[in-house]
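Visitor: Dropping a structure here in structure tokens format, bear with me for questions.
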Amino acid sequence: MDAAEFRKRGKEMVDYVADYLEKIEKRQVFPDVEPGYLRPLIADCAPQDPESFEDVFRDIEKIIMPGVTHWHSPYFFAYFPSASSFPALLADMLCGGIGCVGFSWAASPACTELETVMLDWLGKMVNLPEEFLAGKDGQGGGVIQGSASEATLIALLAARTKIIRQVQSEKPELTKTEIMGRLVAYASDQAHSSVERAALIGAVKIKNVPSDDTFSVCGSALKKVLDEDKAAGLIPFFFCATLGTTSCCSFDKLLELGPICNKENIWMHIDAAYAGSAFICPEFRHLLNGVEFADSFNFNPHKWLLVNFDCSAMWVKKRSDLIGAFKLEPLYLQHHHQESGLVTDYRHWQIPLGRRFRSLKLWFVLRMYGVKGLQEHIRKHIRLSHQFEHLVLQDERFEICAEVVLGLVCFRLKGSNELNEALLKSINDAKKIHLVPCHLREKFVLRFAICSRTVESTHIKFAWQHISQLATDLLKTWEQNHHQQ
């Protein structure tokens, strides 16, 4: 393909993507395929001779689309939102076109410098304390990671390096292995599984701190676990606080937890993967109060801020903590500006060496929506979640299982877990809308997350009428079966 054909085909692809997104609600939200559906549809091995673009293009609808779950459909209410917008897609195209691998400032100065500035813009939008911003000569700063899971792992590894060096300087007789064996990380029993995975990769123990009736961790619960572990000779070193848990969007009590972590020399990382985007709205910013006690903070613009995957924003108070953990300087990566103090080499802030020009997406989206446009997007989703909550509360067969703060509603039929499992199965088998469940304590609960950029009140009403009708049908057969038994 030469440049002339690329121009032609590029325009065709843009039209195809625009049509796909404009008409997405006409597609069934969840695919009708069985595992292994794709292999018989394509050749056993790559073609020896080139095929035409037409051949490839034709196969998109024939082979790919039948197996796609349409995350941007207004009938998709599963997981959490996966952001997308036309400005972000255009920026991603430019990122692919430039194709730089921005591991250092010298590898592409614009790639590094735009990221530093964009993370400062974003940090100011959520009103982060000054220490987290790079500014002109700050000690903190932001970096784009691939996901919140990566950010948690980076924070845990940096905290681990920091504590090992500290303990070794105080007790030189202890080996690194002995210290590692005594380290403990902590997170809520509601925290995402990626926190446990970070501890697994970091080869340290992790303990769940029990959450309260609102599924939040409070200071007294953390203190109790810390006191027990310190008495047993263990070394607490890391706590991951969650703002907006995956199951029910609960919020750990930062104002109680932060001072304890600071006093006990524990690195506090805040995972606000989904909820963090809402903090750009002044009326939700109080949910981040206590961030001033944290060492690192992360949220995903690629969930709720109209920037497509991947774009996970992470800030640290002391960038030297990250660089100290990950810095290696082979000759082939060195450049003559690196000691100037004016440049950032982001390879020291992350696990992979290579990185894409992801800040372009932020730059395009922040400029083309403006803070006000993004605030309106968040507020609309939250209004729609309260609309759904209101519909659920009007039906006495159902109950709401957790406070609705942002764009997630946790609900279920009053009754057994089996009944609710059957309801979810009938909803997802019908494939008109798509939901996923969670467990809250012992209860099987349905999650209804407002996801699509194009979702409207009519889609919420449709979803509720559909759920309500399926519940009616299910309860009828359930009662008949019950009487027969």
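Visitor: Keeping the other protein chains in place, figure out the carbon and sulfur percent of the accessible area of the chain, with a 1.4 Å probe.
Guide: Details: 12940 of 23080 Å².
Carbon-and-sulfur percentage of accessible area, whole number: 56.
Visitor: What's the extension gain from T161 to E228 if we count 0.36 nm per residue and subtract their Cα-Cα distance? Don't skip to the end; give the middle numbers.
Guide: Details: separation 67, 0.36 × 67 = 24.12 nm, distance 2.36 nm.
Extra length available between T161 and E228 comes to 21.8 nm.
Visitor: How large is the dipole of segment 372-483 about the Cα centre if only Lys and Arg carry +1 and Asp and Glu carry -1, each at its Cβ, rounded to the nearest 20 debye? Don't skip to the end; give the middle numbers.
Guide: Values: 16 positive and 13 negative charges, 94 e Å.
My answer is approximately 460 debye.
Visitor: A follow-up question, please. Run the dipole for the chain about the Cα centre, Lys and Arg Cβ at +1, Asp and Glu Cβ at -1, nothing else charged, and hand back the magnitude in debye, nearest 20.
Guide: Values: 54 positive and 59 negative charges, 114 e Å.
The calculated dipole for the chain is roughly 540 debye.
Visitor: In a Debye calculation with equal point scatterers on the alpha-carbon sites of segment 3-82 and no solvent, what is log10 I(q)/I(0) at q = 0.12, 0.15, 0.21, 0.24 Å⁻¹?
Guide: For the requested q values the scattering log ratios are -0.48, -0.72, -1.11, -1.20.
Visitor: When the Cα centres of segment 119-188 and segment 9-36 are compared, how far apart do they sit, in Å?
Guide: Taking the Cα centre of each part, segment 119-188 and segment 9-36 sit 41 Å apart.
Visitor: While we're looking at this one, here's another question. Give me the lysines in straight-line cross-link reach of K303: C-alpha distance below 20 Å, same-chain residues under 8 apart excluded.
Guide: Result set, ordered by chain and number: K124, K361, K372, K380.
Visitor: Gain in length, E131 to K443, computed as 0.36 nm per residue apart minus the alpha-carbon separation, to one decimal in nm? Working shown, then result.
Guide: Details: separation 312, 0.36 × 312 = 112.32 nm, distance 4.16 nm.
Value of the extension gain: 108.2 nm.
Visitor: Can you compute the charge dipole magnitude of segment 100-356 about its Cα centre, using +1 on each Lys and Arg Cβ and -1 on each Asp and Glu Cβ, nothing else charged? Give it in debye, rounded to the nearest 20.
Guide: Values: 25 positive and 29 negative charges, 80 e Å.
Once rounded to the nearest 20, the dipole reads 380 debye.
Visitor: Please enumerate, by chain and number, the aspartates and glutamates with C-alpha under 17 Å from the C-alpha of K263, excluding those fewer than 8 residues away in the same chain.
Guide: K263 reaches D227, E228, D229, E292, D295.
Visitor: Right, something else. Once the dipole of the chain is set up with Lys and Arg at +1 and Asp and Glu at -1 on Cβ about the Cα centre, which of V225, S82, L419 lies farthest towards its positive end?
Guide: Positive-end residue among those listed: V225.
Visitor: Per residue, what volume in Å³ does the convex hull of the Cα atoms of segment 372-483 enclose?
Guide: Working: hull volume 10.9 nm³, N = 112.
Value for segment 372-483: 98 Å³ per residue.
Visitor: Full-extension gain between R27 and K207, please, as 0.36 nm times their residue separation minus the C-alpha to C-alpha distance. Walk me through the numbers before you get to the answer.
Guide: Working: separation 180, 0.36 × 180 = 64.80 nm, distance 4.38 nm.
Contour length minus the Cα-Cα distance gives 60.4 nm.
Visitor: Rolling a 1.4 Å sphere over the protein heavy atoms, what is the accessible area per residue of the chain, to the nearest Å²?
Guide: Numbers: 23080 Å² over 485 residues.
In whole numbers, the chain has 48 Å² accessible per residue.
Visitor: A further question follows. Residue by residue through segment 23-35, which ³J(HN,Hα) values in whole Hz follow from phi under the Karplus form 6.51 cos²θ - 1.76 cosθ + 1.60 (θ = phi - 60°), with glycine and proline marked x?
Guide: Result, rounded to whole Hz: 10, 4, 6, 7, 8, 5, 5, 10, x, 9, 10, 9, x.
The values are calculated or read from the model by the stated rules, or taken from the named source; none is laboratory data. Computed from a prediction, not measured in an experiment: that's the story for all the values here. Note that each Cβ is placed from the backbone with ideal geometry, even for glycine, and that neighbours are counted across all protein chains shown. Heads up: the accessible areas ignore ligands, DNA and RNA and are worked out on the full protein's heavy atoms, side chains in. Shrake-Rupley method; radii C 1.70, N 1.55, O 1.52, S 1.80 Å.
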